[in-house]
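Written out below as structure tokens is the structure these notes cover.
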């Protein structure tokens, strides 16, 4: 019996030694092999980041369709992509800018590094704006609603609002004003508004940010009731300003869009629309990967399977 | 006087009977409540899971049950606009993974149990028992984190060592290792109890007849305890089939094509339900109930099959 036991112990010791040996060899031979295939990592089709990324690289049909992606792609969540790209030398993935860390390499997009500064100064292009739009003056269910909406828009531009936006993974526009310094301009917030309902809608990508903002703003403004019904970016204009829809049951007081306003939407005067944040997405690779810069074209070719090995993009 | 006494006595018994009856009702209603939850849950899953097959899903179109059960691609076409869902390849890979995990955890678990129950000195056995019981109570997400942080890297290094380009370690192998780690403690704890409850007289008889300790352990102790050991395997399989969180962290989210390649990505019934669940709506949400329905059926069928085997194994007696 003792012999068998000691043999088992020996086997374990041997196995652990082999495990050690494995580790040292991989560390010493970690040079990048360009002939390896590209492992494509993506979020699942319900992800707003996926929509933002695919639209940003000109591959909008892949936002909700797995069938058009390169063969053998992997589906992971935000953290899953980060941790596996840190392991997988031949993988490419994308995450929101706020989650980029030093365990992976964030790629430059069209030669611009993915930093918050470059997003705010509008040079980093793989991003989309988060916009807001409100109804015309005097076109609200009541004066109270109008005053609360105006206070809310003012709140969006404060550092307090900015903190909430940043906590949700988006990037707020730079600001130095605090809510405390401007709240005296909004007397509506002193009174009890618990009977006032304000209707929020528009882009569903912004829903989380919008809900966090209203949840933080409600106690600051007399506990008004925020009603969220997010259906899509084009409803930001339609449900607040389109004469045919704005007064129906789906009408909204504040609408959000996760893209720039366009066409007839721009007829709304500039005081009634604006930007609250940027949502930036970064393509990431393993630290061993020599790639530093990509274009939308490169990323699209990697994600649709045109480029199969790393030599095709590096060479 | 004596009549009075009798009266009191009688009163007491009738009060006792009322209490008996009351407690019976209370216990029974508690049982009914807890038992009915099984039917409520199964019923709701059934009703919601059938919806994609019988309605046209708000204009998206009816899901074909045959295609759903036999297809090779999770979803052909655009999410929310297509009804071409199928999980045929996922059912097969789920069973394949469960079987592989059991192939590792069963021998390791049973041998560990044998060691703790029969071979290890008492104080060591005591410590080992605590260790195994602690392992069995570790939540699955912790195993998942260990899998994502350690096993993925090990599998990735291992495959690059043998010249295979792994997808960041996300593979059947990683899933199998995580599931094996999770089921070993379950199998060990239950088999150990079964092994310990083997009648010492049987064992001593074997030793007295001149069999060595090892012969006795394998041929007499293990075969006497096999019914209990089989129960351990059934519970292990149950845990493997039902695990979602830990598996989804290392599976890689395969969406098409059946693959038995140990180093390639995979999906199980539970991971496909979990991925995107929190963000999705409409048919893409409802279809997850259908997957849950299929999963419940798979578990039910496996249990029926295993219990049938167990009954056959159970009646085979040790040769006297």
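Got a number for residues in the range A:71-115 being farther than 18 Å from residue B:266 by Cβ, assigned to a loop (DSSP other than H, G, I, E, B) and either in contact with a strand residue (DSSP E or B) (Cβ under 7 Å, 6 or more places away or on another chain) or within 12 Å of chain B (Cβ to nearest Cβ) (or both)?
The total comes to 8.
Somewhere in the range A:209-230, is a residue modelled with pLDDT under 90, buried (at least 17 other Cβ atoms within 10 Å of the Cβ) and in a loop (DSSP other than H, G, I, E, B)?
no
Scan the range A:170-178 and tell me whether some residue there is surrounded by fewer than 18 Cβ atoms within 10 Å (Cβ to Cβ) and within 24 Å of residue A:249 (Cβ to Cβ).
Among the residues of the range A:170-178, not one is surrounded by fewer than 18 Cβ atoms within 10 Å (Cβ to Cβ) and within 24 Å of residue A:249 (Cβ to Cβ), which makes the answer no.
Quick check on the range A:51-64: of everything there that is surrounded by fewer than 20 Cβ atoms within 10 Å (Cβ to Cβ) and not in a loop (DSSP other than H, G, I, E, B), which residue is farthest from the other protein chains (Cβ to nearest Cβ)?
A:55
Identify, from the list B:191, B:206, the residue that is at pLDDT 90 or above, in contact with a helix residue (DSSP H, G or I) (Cβ under 6 Å, 6 or more places away or on another chain) and within 27 Å of residue B:101 (Cα to Cα).
B:191
Can you name the residue in the range B:89-109 that is touching a residue at least 60 places away in the same chain (Cβ under 8 Å) and over 16 Å from residue B:181 (Cβ atoms) and is also farthest from the other protein chains (Cβ to nearest Cβ) among such residues?
B:95
Every residue in the range B:118-151 that is more than 11 Å from chain A (Cβ to nearest Cβ), over 27 Å from the mean Cα position of the chain (by Cα) and not in a helix (DSSP H, G or I), please.
The answer is B:121, and nothing else.
In the list A:118, A:144, which residue meets the criterion of being outside any loop (DSSP other than H, G, I, E, B), at pLDDT below 95, touching a strand residue (DSSP E or B) at 6+ places or on another chain (Cβ under 6 Å) and buried (at least 16 other Cβ atoms within 10 Å of the Cβ)?
Just a single option satisfies the conditions, and that option is A:118.
Hey, can you tell me all the residues within the range A:252-294 that are surrounded by fewer than 16 Cβ atoms within 10 Å (Cβ to Cβ) and under 20 Å from residue A:89 (Cα atoms)?
Scanning the range A:252-294 gives A:287, A:288, A:290, A:292, A:293.
Can you give me the number of residues within the range B:152-164 that are assigned to a loop (DSSP other than H, G, I, E, B) and either within 25 Å of the chain's Cα centre (by Cα) or touching a residue at least 12 places away in the same chain (Cβ under 8 Å) (or both)?
1
Name the residues in the range B:165-217 that are in contact (Cβ under 8 Å) with a residue 24 or more places away in the chain, part of a helix (DSSP H, G or I) and farther than 24 Å from residue B:127 by Cβ, would you?
B:172, B:173, B:174, B:175, B:176, B:177, B:178, B:179, B:202, listed by residue number.
The values are calculated or read from the model by the stated rules, or taken from the named source; none is laboratory data. Just so you know, these numbers come straight off a predicted model, no measurement behind them. Cβ sites come from the backbone with ideal geometry, for glycine too, and all protein chains shown count toward neighbours.
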